[in-house]
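Enquirer: Please read through the structure below; I'll follow up with questions.
The values are calculated or read from the model by the stated rules, or taken from the named source; none is laboratory data. Since the structure is predicted, the reported quantities are computational estimates derived from the model, not experimental observations. In this analysis, Cβ positions are derived from the backbone assuming ideal geometry, glycine residues included, and neighbour counts consider all displayed protein chains.
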Amino acid sequence: MMAFALQHLAILPIAIALLAAALTLLVGERRLAQQRAIVWVAIGLMLLCAVLAVYRTSSGQMFVYLMSNWRAPFGIALVIDKLSAIMLLLTALIGAVVMAAQTRGGRPVGTYFYPLFMLQLMGLNGAFLTADLFNLFVFFEVLLAASYGMLLQHADRVRTNAATHYVVINLLGSALFLIAAALLYGVTGTLNMADLSQKINAVGPQSRALVAAAGFLLLVVFAIKAALLPLNFWLTGTYRAATLPVAALFALMTKVGVVAIARTLTLIYPDGGLINAHMSQALLVIAPLTMLVAACGALSARDVSTLIGWSVVGSAGMLVTAFAVGEPKAISGALFYLIGSTLATALLFLNAANLDQASARATTDTDSGSRRWAWTGAFFLIGAAVMAGLPPFSGFIGKATILAASTSHPAQTWLWTVVLLAALLSILAYARMGSRLFWKRDAALAPGSSFVPAGVLAIALASLTMFAAPVQRYTDQAAAELKRPQIMIGNVLGKIPQQKPVAPTATPGANK
Amino acid sequence: MSLALLVALGVGVLMACGVYLLLRARSFDMVLGLTLISYAVNLFIFFMGRLAVGKAAIIRAGVPENLTNYADPLPQALVLTAIVISFGMTAVLLAVAVRSYVENGHDHVDADGGLDVATNVATDVVTEVVNYVPPPTGQTPQ
């Protein structure tokens, strides 16, 4: 059993989610209890796989899975390195708490919510695992298609309008992605990221411009997903329109873009390679500007969802800045910040789902009411502290690591100014929103609110601070692994397909 | 060479028309625009396997297996995937566009607020100026 799990570890998170989606469809639309049971089992298995992946990769192992047993540049390869292991664990964890919020809060469930939910998790897992550019496109489409479905549930006028923008910009992004992938295939003849990394550096001078164009097109596509500056305007509207547990899941989708940018900068166009320096320079302008604009947006937000949406944009800017700085320590800090900010965004969204902003100043001053009210406020405070980067939470540790790593960088003044200014503005934004919501009582507790999922996330954030040392050791290793793409290239291209067991009676032509 | 030029021009014209239609910001034009863009992209992927006349992608016995004798099969497989995905996504987009039209009563993609209202107002103003009939004296103009 264990041997089977280890052999197929890289495909299991995708296969389990797909199977669960199919089963929830088969069970039937009306049997919600059975659907929930299937989803819970699937998420449990995904958590197990993710924990196993993190545990196994921490000892330096890298899992390469050859689909259909085709050798690496010819077939599709799935890879679990430390970065994908972190992302698998985050996906499973956030999937679990979103599921808990969805079932405990007694919220109405839209048609086919659970199949869409599982397909979304499948797309996320696949996008984090794949080492093939075209396969990455396919998993992007899977997770986007599922997110269109979930966004359009219980759709009213506002949601439909937000969904229109979201669908259109993502379709355009997909078209650009295909152009970039086709260009790279046309020049290098491969789509495997590890193989691309080698072939791109070997292209002749007449094809350099094409390869550079493809690289920047990829960055544009991933910047749409990660919501970097000129391409971020779809995000706040979309997140505001989504039902809040779904928005918590969407918080992972910008991270898909960030991880893809990280792969582009470290694997496809690695350090010292063809256009890595140009890419880093461009991103070092765009990403800090994204943080500034996001902080201003947060300051101007009138409701909690918009505020959190802008913080998502800001955290994407912070992460991409760190990846563009490119020091191993900065990447390690970015991975640490990525874990913290994803959990905090989910916490803030789930917590906001407990608030009813429509009915201001409700009179819920009974004893249990105010205790629950205090919890809501505390969760908001924790989430805000992580997003703004205040000690003692993980946001501070991550940001401090990134800033410390950029001291010798030529753009240090610019980076420090922007990061610290953006942090100050976010503190102001959160302080204002918090005092309005919780002191002026501009909101009330939503009926049927549930605190367990948000509580789980708060505990996770607290333990991320308490166990910061082992986590940071792991992210240090992950960063070192990312900075040495030869490890991934060697593992992927050197992976030998499984030998078929020879059937003793089979003779050539016997079946014909 | 002339074939390559023709093909490149075809892809370029499709893409340009698609971008133009997309920028018109009406949902039907937008759907058409995205469809044209996806056609352009699909053709582009297909041509990235190089232009080949009279070559199949299926291996025949006795013919050496290289790209001078066969067409590259991989872009054909990729384009099949891309066609299926863009077809499905266009269907989703059409559903969203119809719903948006029903909910808003008009087919502008930015239904409320911002620039879109300005363009709507601008269109209305132009229509009113064109159809302007001077009111009889003594009445306040509408």
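Enquirer: Look at the range B:34-52 and say how many of its residues are closer than 15 Å to B:S86 by Cα and either touching a residue at least 40 places away in the same chain (Cβ under 8 Å) or more than 9 Å from every other protein chain (Cβ to nearest Cβ) (or both).
Expert: Qualifying residue count, the range B:34-52: 8.
Enquirer: Another question, then. Can you list the helices (runs of 4 or more DSSP H) found entirely within the range A:1-108 that contain at least 1 residues being within 27 Å of A:A251 (Cα to Cα) and of a type in the set (K, R)? Before the answer, list the steps.
Expert: Values: elements: A:2-7, A:12-27, A:32-57, A:82-104.
Passing ranges, in order: A:32-57, A:82-104.
Enquirer: Enumerate the pairs (first residue in the range B:62-85 and without any contact (Cβ under 8 Å) to a residue 12 or more places away in the chain and within 14 Å of chain A (Cβ to nearest Cβ); second residue anywhere and exposed (fewer than 13 other Cβ atoms within 10 Å of the Cβ) and not acidic (D, E)) with beta-carbon separation below 8 Å, excluding pairs fewer than 6 apart on the same chain, so at least 6 apart or on different chains.
Expert: Pairs that qualify, where the first residue is without any contact (Cβ under 8 Å) to a residue 12 or more places away in the chain and within 14 Å of chain A (Cβ to nearest Cβ) and the partner is exposed (fewer than 13 other Cβ atoms within 10 Å of the Cβ) and not acidic (D, E), are B:E65/B:I59.
Enquirer: If I go through the range A:182-204 residue by residue, how many of them are more than 8 Å from chain B (Cβ to nearest Cβ) and assigned to a helix (DSSP H, G or I)?
Expert: Summing the residues that are more than 8 Å from chain B (Cβ to nearest Cβ) and assigned to a helix (DSSP H, G or I) in the range A:182-204 gives 12.
Enquirer: Going through the range A:205-242 one residue at a time, which ones are among the aliphatic types (A, V, I, L, M) and outside any helix (DSSP H, G or I)? Please lay out each step first, then the result.
Expert: If we filter the range A:205-242 for residues that are among the aliphatic types (A, V, I, L, M), which is where we start, we get A:209-214, A:217-221, A:223-224, A:226-229, A:231, A:235, A:241-242.
Those that are among the aliphatic types (A, V, I, L, M) and outside any helix (DSSP H, G or I): A:A227, A:L228, A:A242.
Enquirer: Please work out if B:L78 is within 22 Å of A:Y148 (Cβ to Cβ) and part of a helix (DSSP H, G or I).
Expert: No; evaluated as a whole, the condition is false for this residue.
Enquirer: Here's another thing I want to ask about it. Could you list, in sequence order, all residues of the range B:1-45 that are exposed (fewer than 13 other Cβ atoms within 10 Å of the Cβ) and among the β-branched types (V, I, T)?
Expert: B:V13
Listed here are the residues, each with its yes/no results for (1) touching a Pro at 6+ places or on another chain (Cβ under 9 Å); (2) crowded, with 19+ Cβ neighbours inside 10 Å; (3) within 14 Å of chain B (Cβ to nearest Cβ); (4) at pLDDT 90 or above.
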| residue | (1), (2), (3), (4) |
| --- | --- |
| A:N125 | yes, yes, no, yes |
| A:L133 | no, yes, yes, yes |
| A:A146 | yes, yes, yes, yes |
| A:L176 | no, no, yes, yes |
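Enquirer: To continue, here is another question. Quick check, is B:G88 exposed (fewer than 13 other Cβ atoms within 10 Å of the Cβ) and facing another protein chain (nearest Cβ under 8 Å)?
Expert: Considered against the rule, which asks whether it is exposed (fewer than 13 other Cβ atoms within 10 Å of the Cβ) and facing another protein chain (nearest Cβ under 8 Å), B:G88 comes out as yes.
Enquirer: Residues to consider are B:L6, B:L36; find the one that is modelled with pLDDT of 85 or more, over 16 Å from A:S174 (Cβ atoms) and either part of a helix (DSSP H, G or I) or out of contact with any helix residue (DSSP H, G or I) (no Cβ under 8 Å at 6 or more places or on another chain) (or both). Working first, answer last.
Expert: Values: B:L36 fails: over 16 Å from A:S174 (Cβ atoms).
So the residue among B:L6, B:L36 that is modelled with pLDDT of 85 or more, over 16 Å from A:S174 (Cβ atoms) and either part of a helix (DSSP H, G or I) or out of contact with any helix residue (DSSP H, G or I) (no Cβ under 8 Å at 6 or more places or on another chain) (or both) is B:L6.
Enquirer: Here is a list: A:A175, A:A163. Which entry is among the small types (G, A, S) and either over 21 Å from the mean Cα position of the chain (by Cα) or closer than 20 Å to A:I268 by Cβ (or both)?
Expert: On the way: A:A163 fails: either over 21 Å from the mean Cα position of the chain (by Cα) or closer than 20 Å to A:I268 by Cβ (or both).
Result of the check over A:A175, A:A163: A:A175.
Enquirer: I'd like to verify a number: residues in the range A:307-335 that are in contact (Cβ under 8 Å) with a residue 60 or more places away in the chain, in a helix (DSSP H, G or I) and farther than 26 Å from A:V452 by Cβ, how many?
Expert: Step one: filter the range A:307-335 for residues in contact (Cβ under 8 Å) with a residue 60 or more places away in the chain, giving A:307-323, A:325-335.
Add one more test, that the residue is in a helix (DSSP H, G or I), and what stays is A:307-323, A:325, A:328-335.
Still in the list and also farther than 26 Å from A:V452 by Cβ: A:310, A:313-314, A:316-323, A:325, A:328-335.
Count: 20.
Enquirer: While we're looking at this one, here's another question. Of the residues A:R71, A:R36, A:R56, A:R104, which single one is in contact (Cβ under 8 Å) with a residue 40 or more places away in the chain and touching a strand residue (DSSP E or B) at 6+ places or on another chain (Cβ under 8 Å)? It would help to see each step written out before you state the result.
Expert: Working: A:R71 fails: touching a strand residue (DSSP E or B) at 6+ places or on another chain (Cβ under 8 Å); A:R36 fails: touching a strand residue (DSSP E or B) at 6+ places or on another chain (Cβ under 8 Å); A:R104 fails: touching a strand residue (DSSP E or B) at 6+ places or on another chain (Cβ under 8 Å).
Checking each option against the conditions leaves just A:R56.
Enquirer: Would you confirm, using the coordinates I've provided, whether A:A155 is under 22 Å from B:A97 (Cβ atoms), within 9 Å of another protein chain (Cβ to nearest Cβ), in a loop (DSSP other than H, G, I, E, B) and not β-branched (V, I, T)?
Expert: On the way: under 22 Å from B:A97 (Cβ atoms): yes; within 9 Å of another protein chain (Cβ to nearest Cβ): yes; in a loop (DSSP other than H, G, I, E, B): yes; not β-branched (V, I, T): yes.
So A:A155 fits the description; yes.
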